[in-house]
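Enquirer: Provided herewith is a single structure, encoded as structure tokens, for subsequent inquiry.
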Amino acid sequence: MIATESVIQETKAAAADKSLISPRFYVTDYKKMNALRFDHMAEAFKAMHKRFADDPNKHFFKRDDDPDFEQDFSHLPPSFKDFLIRGCLGEFSGALLYKEIADRIEDPILSDTYRLMARDEGRHSGFIRLAMRDIKADLDLQMLQGEKEFVSMHPKIILYTTYLSEVIGYFRYINIYSHLEAHPEYRYHPIFKYFGGWCQDELKHGDFIGLQLEAQKNLYLSGGVNRTLIRFFSLAVYVTMWLRDLKAQDFYASIGMNWREYDLKVIRETNAYAQRVFGLRLDVDNPKFIRILDRMAARYTEMNRREDEGAGKLALLPMQAAMAADYLRLFAMKVRTDAPPPIPEYPVAPVIKGFASQSKGQPAMA
Ligand SMILES: [Fe+2]
Ligand SMILES: [Fe+2]
């Protein structure tokens, strides 16, 4: 396909977005990665590989036989497009990273599991891209790959952050799905019906990366330095989502959700789930933790407002410093190692094609 001018512009804008909260592309140090040993848990990795190869979602991401896609989507809110663009970039950056690891990691079982994980992310980003075309938007992913900056990180950090982003991805998709199952009047595009099965891929990805961390228990999970890094990156993932969703609150309002309640729930559930691997969790239910998050949100809103009014970098500096101080206050809070709160049981429901869209036409606009 030859990219149109608007696709090129959209892609360039996505590539130029270098803010803290934009998705990036990552690479890692393969020499270090290949020095790791996984053979002592070979049986567990074989079972995990089987879970990927069995692929219960093989026929899931097909929209040809779903008449719900045969609608006029021209009335959808602009925030839906931003939601799709961010989702597509996140999925695509995962596909690139996992494909590269698959090509360069020496362990054959791990390599093939990474290849299958890249396949999953590729079909996720492809599925989102089709939805973007429904609303006359598109990104040129090949071009984006050439334009976007790649960031190299230690394998340990790649494992912490991809583990967290897969688990948080699962809870993000399943919570939107559950909400729209209960309130189908807000389901203004059929892509949301697919989140229930989609998120199973993300949970499987999280479990595979979690298994790699468990295989490196002594190197990557125990000791003061590792625990400090885990706390730092867990907080970074939560705060990044918090500020990004604050900015995207119109989208959540358009599907009848309150972004703040949604984020707090997703953070709680991710935090409790990740304790199985990390052996600790942040004290996210502590009222002080939530109070500081709310203060950061207020400061971020104010900072964006001043920026929109044309405030220079220098004028924004005190607010940035105040936010950094808030981040450090959250980071300094004691972690918890007692039993985590229970995570809700989410049913896995199949997509019923051509049946579930009960949207009443115009979505609620924020
Ligand atoms: Fe994905
Ligand atoms: Fe994933």
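Enquirer: So which pairs qualify, if the first residue must be in region 199-213 and under 13 Å from Glu121 (Cβ atoms), the second must be polar (S, T, N, Q) and more than 9 Å from ligand 2 (Cβ to nearest atom), the Cβ gap must be under 7 Å, and the two must be at least 6 apart or on different chains?
Expert: Asp201/Asn57; Phe208/Thr113
Enquirer: Please work out which one of (1) part of a helix (DSSP H, G or I); (2) open to solvent by 20 Å² or more (accessible area, probe 1.4 Å); (3) of a type in the set (A, V, I, L, M) is the condition Val27 fails and give its number.
Expert: It is condition (1) that Val27 fails.
Enquirer: Then there's this: Which pairs do you get when a residue that is open to solvent by 30 Å² or more (accessible area, probe 1.4 Å), found in region 49-71, comes within reach of a residue that is modelled with pLDDT under 90 and among the basic types (Lys, Arg), reach meaning Cβ atoms under 8 angstrom, with the pair 6+ apart or on two chains?
Expert: Asp65/Lys353; Pro67/Lys353
Enquirer: Considering only residues that are more than 16 Å from ligand 1 (Cβ to nearest atom) and either of a type in the set (Lys, Arg) or surrounded by fewer than 20 Cβ atoms within 10 Å (Cβ to Cβ) (or both), look in region 187-210 and name the one that is farthest from Asn57 (Cα to Cα).
Expert: Here the answer is Arg187.
Enquirer: On to the next question. Which condition from (1) of a type outside the set (Val, Ile, Thr); (2) at pLDDT 90 or above; (3) away from ligand 2 (no atom under 14 Å from the Cβ) is the one that Leu141 breaks?
Expert: Every condition holds for Leu141 apart from (2).
Enquirer: Looking only at region 215-230, filter to residues that are β-branched (Val, Ile, Thr) and out of contact with any helix residue (DSSP H, G or I) (no Cβ under 8 Å at 6 or more places or on another chain); which one of those is most open to solvent (accessible area, probe 1.4 Å)?
Expert: Looking at the filtered set, the residue picked out is Val225.
Okay, residues lined up against (1) at pLDDT below 90; (2) surrounded by 14 or more Cβ atoms within 10 Å (Cβ to Cβ):
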residue: Arg299; (1), (2): no, yes
residue: Gly310; (1), (2): no, no
residue: Asp326; (1), (2): no, yes
residue: Met333; (1), (2): no, yes
residue: Pro340; (1), (2): no, yes
residue: Ala349; (1), (2): yes, no
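Enquirer: Can you name the helices (runs of 4 or more DSSP H) wholly within region 211-302 that have at least 2 residues being over 17 Å from Tyr173 (Cα atoms)?
Expert: Counting at least 2 such residues, we get 224-247, 259-278.
Enquirer: Across region 72-91, which residue is nearest to Gln145 (Cα to Cα) among those that are open to solvent by less than 20 Å² (accessible area, probe 1.4 Å) and within 16 Å of ligand 2 (Cβ to nearest atom)?
Expert: Of everything passing the filter in region 72-91, Leu89 is nearest to Gln145 (Cα to Cα).
Enquirer: When both residues are 6+ apart or on different chains and their Cβ atoms are under 9 Å apart, which pairs have a first residue that lies in region 277-305 and is of a type in the set (Gly, Ala, Ser), and a second that is assigned to a helix (DSSP H, G or I)?
Expert: So the pair list comes out as Gly279/Leu221; Gly279/Arg227; Gly279/Ile230; Ala297/Trp242; Ala297/Leu243; Ala297/Leu246; Ala297/Arg260.
The values are calculated or read from the model by the stated rules, or taken from the named source; none is laboratory data. The shown structure was predicted, so the numbers you read here are calculated from the model rather than taken from an experiment. Note that each Cβ is placed from the backbone with ideal geometry, even for glycine, and that neighbours are counted across all protein chains shown. Areas reflect the complete protein model, heavy atoms only, side chains present, ligands, DNA and RNA absent. Shrake-Rupley method; radii C 1.70, N 1.55, O 1.52, S 1.80 Å.
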